[in-house]
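The values are calculated or read from the model by the stated rules, or taken from the named source; none is laboratory data. What you see is a predicted model, and the numbers here were worked out from it, not measured in a lab. Methodologically, a virtual Cβ is constructed for each residue, glycine included, from the backbone with ideal geometry; neighbour enumeration extends over all protein chains shown.
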């Protein structure tokens with residue numbers, strides 16, 4: 001089935017396929033229609049390597065135009081300058097090299113050491129993180145996603161002529177644009193709940209409110225509504241698809257920080 005737009009709630013865990021969800025959508029004359037929603041484990045396997053390889057294959061399929069991935073795409077410019085030659089491509093090379101960090105913990109430790117040396121504090125956010133209320137990209141809560149997202153997914157996509165990771169790569173001539181999204185920021189933009197819709201008391205009611213806010217934006221959920229109400233990871237993939245659909249429709253964020261830092265699309 002032709003999708004056009006993918007929204008991905010990413011995971012860098014060893015069993016990434018269990019928590020990685022994908023929503024596929026199409027643009028219609030009256031809005032966005034959700035075509036599929038699935039867990040990576042059910043399509044490609046639960047192991048991180050299998051799930052990430054399957055995701056790359058799906059992103060690069062002929063029917064996909066725009067993809068929203070929920071993980072930090074880059075580092076603050078000060079760290080890029082100190083660790084990666086000032087460039088996003090240097091960041092991808094660093095995490096993939098034999099002399100680079102061996103795992104997310106080593107990646108985080110290296111970033112924190114560099115940040116403390118040059119800025120006097122361990123955790124530095126990008127400008128887009130500050131604008132969208134996102135975390136430092138190498139803090140403990142997201143370091144696995146940043147590390148494995150860059151090494152296992154973006155590194156493979158950046159080498160292809162038919163995909164462009166925006167805004168770091170020029171999308172002219174590329175069949176598929178890949179952008180960074182952040183579901184909490186998307187829900188905030190919608191006036192919905194940024195937090196408290198996951199594993200907390202009252203989470204179901206907040207998920208219902210978030211789903212309703214998305215439906216109010218001319219998004220037809222078809223038979224997938226209950227999946228989004230029952231699983232917050234699935235719901236985050238829906239938010240990712242909504243932001244990706246806006247990019248697919250021509251929306252671009254107000255620049256924040258440098259091009260090499262990247263930006264969160266809502």
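Data table
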| item | result |
| --- | --- |
| Test: residue in segment 151-163 that is without any contact (Cβ under 8 Å) to a residue 12 or more places away in the chain and either within 20 Å of residue 20 (Cβ to Cβ) or buried (at least 21 other Cβ atoms within 10 Å of the Cβ) (or both) | no |
| Of residues in segment 13-23 being touching a residue at least 40 places away in the same chain (Cβ under 8 Å) and surrounded by fewer than 24 Cβ atoms within 10 Å (Cβ to Cβ), the one farthest from residue 247 (Cα to Cα) | 13 |
| The listed residue being closer than 20 Å to residue 125 by Cβ and either in the same structural domain as residue 30 (by TED's automatic domain parsing) or out of contact with any helix residue (DSSP H, G or I) (no Cβ under 6 Å at 6 or more places or on another chain) (or both), out of 254, 227 | 254 |
| Some residue of segment 233-248 being surrounded by fewer than 16 Cβ atoms within 10 Å (Cβ to Cβ) and more than 20 Å from residue 11 (Cα to Cα) | no |
| Condition check for residue 182: touching a residue at least 60 places away in the same chain (Cβ under 8 Å), surrounded by 19 or more Cβ atoms within 10 Å (Cβ to Cβ) and closer than 15 Å to residue 264 by Cα | yes |
| Residues of segment 24-39 satisfying the condition of being over 16 Å from residue 60 (Cα atoms), buried (at least 23 other Cβ atoms within 10 Å of the Cβ) and under 17 Å from the mean Cα position of the chain (by Cα) | 37 |
| Selected residue [modelled with pLDDT of 95 or more and assigned by TED's automatic domain parsing to the domain that holds residue 51] from 150, 222, 239 | 239 |
| Test for residue 96: is it more than 21 Å from residue 243 (Cβ to Cβ), at pLDDT 95 or above, in contact with a helix residue (DSSP H, G or I) (Cβ under 9 Å, 6 or more places away or on another chain) and surrounded by fewer than 20 Cβ atoms within 10 Å (Cβ to Cβ) | yes |
| Positions within segment 128-148 being within 17 Å of residue 184 (Cβ to Cβ) and part of a helix (DSSP H, G or I), in sequence order | 128, 129, 130, 131, 132, 145, 146 |
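For (1) under 26 Å from residue 59 (Cβ atoms); (2) under 18 Å from the mean Cα position of the chain (by Cα), each residue gets a yes or a no:
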{"residue": "212", "(1), (2)": "no, no"}
{"residue": "224", "(1), (2)": "yes, no"}
{"residue": "232", "(1), (2)": "yes, yes"}
{"residue": "238", "(1), (2)": "yes, yes"}
{"residue": "241", "(1), (2)": "yes, yes"}
{"residue": "258", "(1), (2)": "yes, no"}
